[in-house]
Amino acid sequence: MTASNLGSMNSEDIASTEGAEDIASAGGAEDIEAVGGAKAVEGVEVFEVEVPERAHFPFICLIHYHEVGLKGKNRSSFESRLKKNIEKNLADIDGVRVSRMSGRLLASVKSWDEACEVAEIAAHVPGVVRVSCGVRTAQRLEDVYEAACQTLERCEPYQSFKVDARRANTNFPIDSMRLNQLIGAWLHERLSKKLIKMKEPDVKLHVEMVEGSALIYAHTRKAVGGLPVGSAGSVVCLLSAGLDSPVAAWRMMKRGATVTALHFSGRPETGADSEYLVQEIIEVLSPLAGIERLCIVAFGSYQRLIADAVPPELRVIFYRRLMFAVANRVAQRFGARALVTGESLGQVASQTLDNIRATDAVASYPVLRPLIGTDKQEIIDEAQRLKTFEISSQSHEDCCTLFMPRHPETHAKLPHVETISATLPIETWLTQIMESLEVSDLS
Ligand code: ATP
Ligand code: MG
């Protein structure tokens, strides 16, 4: 097909393909005149081009990230980390290559289906804000026209479309507005049943002239966002087999932290059920490449010792203070910078402001609570999306339910708690716990 007699568009709405006259008037007679002759774009053969029908173009998945705050050295390490994390997630797909391209990552793939598969995986990797599937061509208009047609075909059924063409720099001689006009007009002629619509089209066809290639795509979707795991230092997350803490761990990973998971098992007072569930939770979260290691503490005997030594209403506070003190040591051992819990204000007795203060007092690292202002239902929704919900919903014996008092204190007084604490051999317990810590390296 020969791309001649092209109309021209400007940025007004064009409501119907019958509106060829509209198009002409929108672009102006002179423009149409110009489109008919090579003088429109100096030095480039843009018209009367032989368009290679049914040519095959290499498929791509474009992986977009936010550039906000990414300057200088930051940007390069951010990109390398994101690239590494994505490659790790794509390891099971043979032959996919990921390279950097002008503020994006580009995965070269073998087929359309593979592009969609890569997009689906990349969309869940923290740091990725958007993924797009399409094709890559040389920067020749004839190829761009045909690839644009093929790309729109893949969007069927649709009624209306709009072209959004850009060039990354002036190496390509046709500016963005002119590109929009040329591609739009050519498609208008070729796809006479489709509407070109500037506002709210069914399909937005992107054409980007970047680093010697044209990238053409219309399939694009939102991804998880956040920052690449590994770009924000490491934390110790107190991970139970409950609903909340896996969501808290995920939120920290989404903001770029790597996580040491610390689990307190009721062993030897209970079985190891909660440990198996925590391992399953970690398996679900591990494709995100964020959980570096799992540490397990057999905590049941210490709970028994505490239950025997402190007033019943304060047991939970003392269990939790010992947990936090252990987490603090674990953070020291592995170079983490903060502790993380899945607490949410007022959710249970131990999560009142007074009790939070009484437990935080033993930690020298900041204690981060990404869910503190989140309702249970919101947490459940997020756990369902993450696929940890079903694991966490399984009933299990757990240290949390061991030796629970009937009426736990909801407003512990720190000085009172500290007076009792001074009578307990906490240092000895901590030394024993750290010596018998069960560590599995997951990186
Ligand atoms: P989750 O809050 O994860 O659903 P939960 O509801 O069983 O667990 P809570 O009493 O709400 O436990 O505990 C508050 C927080 O304390 C948890 O989010 C978690 O960070 C930490 N935590 C509680 N139990 C454990 C445990 N057995 N091992 C590690 N951390 C725990
Ligand atoms: Mg909870």
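Once the convex hull of the alpha carbons of the chain is built, what does its volume come to per residue, in cubic angstrom?
Values: hull volume 71.0 nm³, N = 443.
About 160 Å³ per residue, rounded to a whole number.
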Of Lys88/Lys376; Lys83/Lys222; Lys222/Lys387; Lys84/Lys254, which pairs sit farther than 21 Å apart, going by alpha carbon to alpha carbon?
Lys88/Lys376
Report Rg(Cα)/(2.2 N^0.38 Å) for region 260-362, keeping two decimals.
1.14
Taking every other residue with Cβ under 12 Å from the Cβ of Pro246 and scoring Lys and Arg +1, Asp and Glu -1, one gets -2
Using packing as a proxy for protection, rank 323-333, 237-247 so that the peptide with the highest average count of other Cβ atoms within 10 Å comes first.
237-247, 323-333
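So if each residue of separation counts as 0.36 nm, and I subtract the Cα-Cα distance between Gln384 and Arg100, what length gain in nm does that give? Present the calculation step by step, with values, prior to reporting the outcome.
Working: separation 284, 0.36 × 284 = 102.24 nm, distance 3.31 nm.
Taking Gln384 through Arg100 to full extension adds about 98.9 nm, to one decimal.
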Once both labels are modelled 7 Å past Cα along the beta-carbon direction, what's the Thr431-Ser395 spacing in nm?
4.2 nm
Extending each Cα 7 Å along its Cβ direction at Thr419 and Cys116, get the distance between those two points in nm, one decimal.
6.9 nm
Name the most mobile residue of Val118, Val131, Val224, meaning the one with the largest mean-square fluctuation, in a Gaussian network model of the chain with Cα contacts below 10 Å.
Val224
Please work out the C-alpha center-to-center distance from region 268-286 to region 170-189 and express it in whole Å.
57 Å
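Taking region 234-441, how much of its Cα-Cα pair set, in percent, is spaced more than 24 angstrom apart?
36 percent
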Per GNM of the chain with C-alpha springs under 10 angstrom, the most fluctuating residue out of His411, His64, His219 is His411
Once every DSSP H run of n ≥ 4 in the chain is given -39500 (n - 2.57) and the sum is divided by its residues, what mean residue ellipticity at 222 nm do you get, rounded to the nearest 500 deg cm²/dmol?
-11500 deg cm²/dmol
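Could you list Cys149, Cys155, Cys399 so that the one with the fewest beta carbons within 10 Å of its beta carbon is first and the one with the most is last?
Values: Cys149 19, Cys155 15, Cys399 23.
So the ranking, lowest neighbour count to highest, is Cys155, Cys149, Cys399.
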First measure r as the distance between the Cβ atoms of Met404 and Ser76, then evaluate 1/(1 + (r/R0)^6) with R0 = 45 Å and state the FRET efficiency to the nearest 0.05.
0.30
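Taking only C-alpha pairs under 8 Å that are 6+ residues apart, what is the relative contact order of the chain in percent?
On the way: 867 pairs, mean separation 66.1, N = 443.
Taking the mean separation of contacting Cα pairs over the length of the chain, I get 15 percent.
To one decimal place, what Kirkwood hydrodynamic radius in Å is obtained for region 94-153 from all pairs of distinct Cα atoms? Please list the in-between numbers first.
On the way: mean 1/r = 0.0780 Å⁻¹.
Every distinct Cα pair counted, the radius reaches 12.8 Å.
Laboratory data are not the source of any read-out in this text; all were calculated from the coordinates shown. This one's a predicted model, so the numbers in the text were calculated from it and none came from an experiment. Cβ: placed from backbone, ideal geometry, glycine included. Neighbour counts: every protein chain shown.
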